[in-house]
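Take a look at the structure below.
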Amino acid sequence: MEENDLKKHCKVLLIGGSAGSLEVLMAILPNLKPIINFAIVVILHRKSAEDSTLENLIAMKSTIPVAQVEDKEVLKSGFIYVAPSDYHLLFEKNKQLSLDVSEKVNYSRPSIDVSFESGAIAFGKKCTAILLSGANADGTEGLKAIQKAGGIVIVQNPENAAMPFMIQSVLSTMTPNHIMEVDELLDYINKIQ
Amino acid sequence: MLEDREIAILIEELYKYHGYDFSGYSAASFRRRVDRLYQMDGFENFTELLSKARSDEEYFKHMIEEITVNVTEMFRDPTFYKTLRTEILPTLATKPFIRIWHAGCSTGEEVFSMAILLKELNLLHKSLLYATDLNPAVLDVAKKGLFPLRTIQQYAENYRIASGKNDFSDYYTANYGYAKFSDELISRMVYSQHNLITDGSFNEFDLILCRNVLIYFDNDFQRVALELFDESLSKLGYLALGTKETIKFSSIQHRFKQLDKEKIWKKMI
């Protein structure tokens, strides 16, 4: 597969992570060039009570504007979205965001699998997903769905992840398109157009 | 995973056979619930699911319970309840009678939370809490005022953050793994089945709460429900939605004014 051809089609970049992923995110997001043709959606496991601290932290550090996630808002290119605590984040085919307070999946709400699987259905091959450090198996099913739908799937190199379990869970059942170090991830995202 | 075409057929048949209209549900959410059901119940193919959904009355009930989301808790979003306690309910206190509607009440946790607030503000005796849901099975649970003890610790913590005045255990007696909430609270509640899309307005209210229900609707269904709430609210009445819900995509928005914090709107005209 020709990497550059696929990059052209990216409409949404989903980034999932759990324990140990915030540091990686903070090494990437503040150093990104403006994104023009796609949106970034971050799905991180977090305590249900912490409210909007994560959004505020990302907004403070990143030059790319953070858009508010509210039910049925339309996903706009050029913005970062953060899945709110205690909701699953889903995507409609008309690019609206939908929220859902149903059961936790993989002990998590937001669940990475839920957003990734929904992204695969809504955006198909125009969906790219990155999975970072974490200590549970959330994300594996979602990455499979995205790859099956023709999207690009990338994981952080588990050898250098603070918590490799989540990535190892992926590697034990599928072959991602890329395995990357943090600086390579940054470089990759900056090249998506 | 089912195909889009199959989902569309299912929606059509559920309406034709049972009168339940899911056409304005969030497509992403509806698909996820149906895919989950399909997997959970081990169906081999779509036809099998469809024929059970059509003609097996028991299975249809089960299906409605699983498709509609009934996850709820007492004092969910404690700061919301704090605002009710300190700002909203005191303005309603001057009324001779207070009518509250919990639309989409599920198993009743939020109704009991409200009753506790009213009790502590000495308003319960002159309040009536109407609680409705599409799904009759959850109403049967709600009416009993029985909640699993394992959930109570979290609720007690929410209650405390929401500036609860008492020991939370004052409100229930623990028995066989359940917390049984007091009959005094239950005596001010009226439960009934109601469909926000197909059923009309049935009373005038001072406060309507519909939290994390509209997120399962598309813009059209949201509009229908919000117009129903507008029609059912008295002037200067309040509408409370979930923390990520909004009225800004609807025609009623210009008649309402949002409070500084929390998803609470006051009807101005």
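Working note: Cα atoms of the range A:97-189, range along each principal axis, descending, whole Å: 34, 28, 23. Over the range B:29-134, the alpha carbon radius of gyration divided by the compact-protein estimate 2.2 N^0.38 Å works out to 1.51.
Remark on residue A:192: its backbone amide H falls under 5 Å from none of the residues 5 or more positions apart or on other chains, H modelled at 1.01 Å from N.
Over all residues in B:12-19, what is the mean tally of Cβ atoms on other chains that come within 10 Å of each residue's Cβ?
Details: counts 0, 0, 0, 0, 0, 0, 0, 0.
Mean shielding count: 0.
For the range B:74-232, the alpha-carbon coordinates run over 42, 36, 26 Å along the three principal axes, in decreasing order.
Only helical DSSP H runs with n ≥ 4 go in: add -39500 (n - 2.57) per run for the protein assembly as shown, normalise by residue count and round the 222 nm mean residue ellipticity to 500 deg cm²/dmol. Walk me through the numbers before you get to the answer.
Details: 18 runs with 172 residues, N = 462.
It lands at -11000 deg cm²/dmol.
Given their separation in residues at 0.36 nm each and the Cα-Cα distance between them, residue B:40 and residue B:143 gain 34.2 nm when the chain is fully extended. Taking a straight Cα-Cα cut-off under 16 Å and skipping sequence neighbours fewer than 8 places away in the same chain, the lysines within cross-link reach of residue A:61 are A:33.
Rolling a 1.4 angstrom probe over chain B with all protein chains present gives an accessible area of which 49% lies on carbon and sulfur atoms. Look at the stretch B:249-256: the mean tally of other chain Cβ atoms within 10 Å of its residues' Cβ atoms is 1. The order of the peptides A:173-180, B:31-38, B:254-261 by mean Cβ neighbours within 10 Å, most packed first, is B:31-38, A:173-180, B:254-261. When chain A is treated as a Gaussian network with alpha carbon springs shorter than 10 Å, the biggest mean-square fluctuation among A:113, A:138, A:100 belongs to A:100.
Expressed in Å, the radius of gyration and Dmax of the Cα atoms of the range B:172-266 are 15.9, 50. For residue A:173 and residue B:259, the FRET efficiency from 1/(1 + (r/R0)^6), where r spans their Cβ atoms and R0 equals 56 Å, is about 0.70. Bridging of residue B:52 to lysines at a Cα separation below 24 Å is possible for B:16, B:61, once same-chain residues fewer than 8 apart are set aside.
Counting only the backbone N, which residues of the range B:14-39 are under 12 Å from the spot 7 Å out from the Cα of residue B:195 toward its beta-carbon? Inside the label zone: B:14-24. For a label point 7 Å from the Cα of residue B:97 along Cα→C-beta, name the residues of the range B:124-138 whose backbone N is under 19 Å from it. Correct set: B:124-132.
Largest mean-square fluctuation among A:80, A:130, A:36, in a Gaussian network model of chain A whose springs join Cα atoms under 10 Å apart, belongs to A:36.
Scaled against 2.2 N^0.38 Å for its residue count N, the alpha carbon radius of gyration of chain B is 1.05.
Compute and list, largest first, the equivalent-ellipsoid semi-axes of the range A:3-191 from the alpha carbon gyration tensor, each √(5λ) rounded to a whole angstrom. Don't skip to the end; give the middle numbers.
On the way: eigenvalues 80, 71, 62 Å².
Gyration-tensor ellipsoid for the range A:3-191: 20, 19, 18 Å.
Over all projection directions, the Cα-based convex hull of the protein assembly as shown averages an area of 22.6 nm².
Straight-line reach from residue A:72: which lysines fall under 16 Å, measuring Cα to Cα and dropping same-chain residues less than 8 apart? Answer for residue A:72, where 16 Å is the Cα cut-off: A:93, A:95, B:244, B:248, B:263, listed by chain and number.
How big is D for the range B:4-67, in µm² s⁻¹ as a whole number, if Stokes-Einstein is applied with the Kirkwood radius of its Cα pairs at 4 °C and 1.567 mPa s? Mind dumping the intermediate values first?
Numbers: Rh = 11.7 Å.
Estimated diffusion coefficient is 111 µm²/s.
Give the angle, between 0 and 90 degrees and rounded to the nearest 10, that separates the Cα long axis of helix B:4-18 from the longest principal axis of the Cα atoms of chain B. Orientation of helix B:4-18: about 70 degrees from the principal axis.
On the range A:28-162, 51 percent of the accessible area sits on carbon and sulfur atoms, based on a 1.4 Å probe. The contact between chain A and chain B removes approximately 2100 Å² from the accessible area (both sides summed; 1.4 Å probe; ligands, DNA and RNA excluded).
The values are calculated or read from the model by the stated rules, or taken from the named source; none is laboratory data. From a predicted model like this one, the values you see are computed outputs, not experimental measurements. Quick reminder, even Gly has a Cβ in these numbers, built from the backbone with ideal geometry, and neighbours come from all protein chains shown. Calculation scope for accessible area: heavy atoms of the full protein, side chains included, ligands and nucleic acids excluded. Shrake-Rupley method; radii C 1.70, N 1.55, O 1.52, S 1.80 Å.
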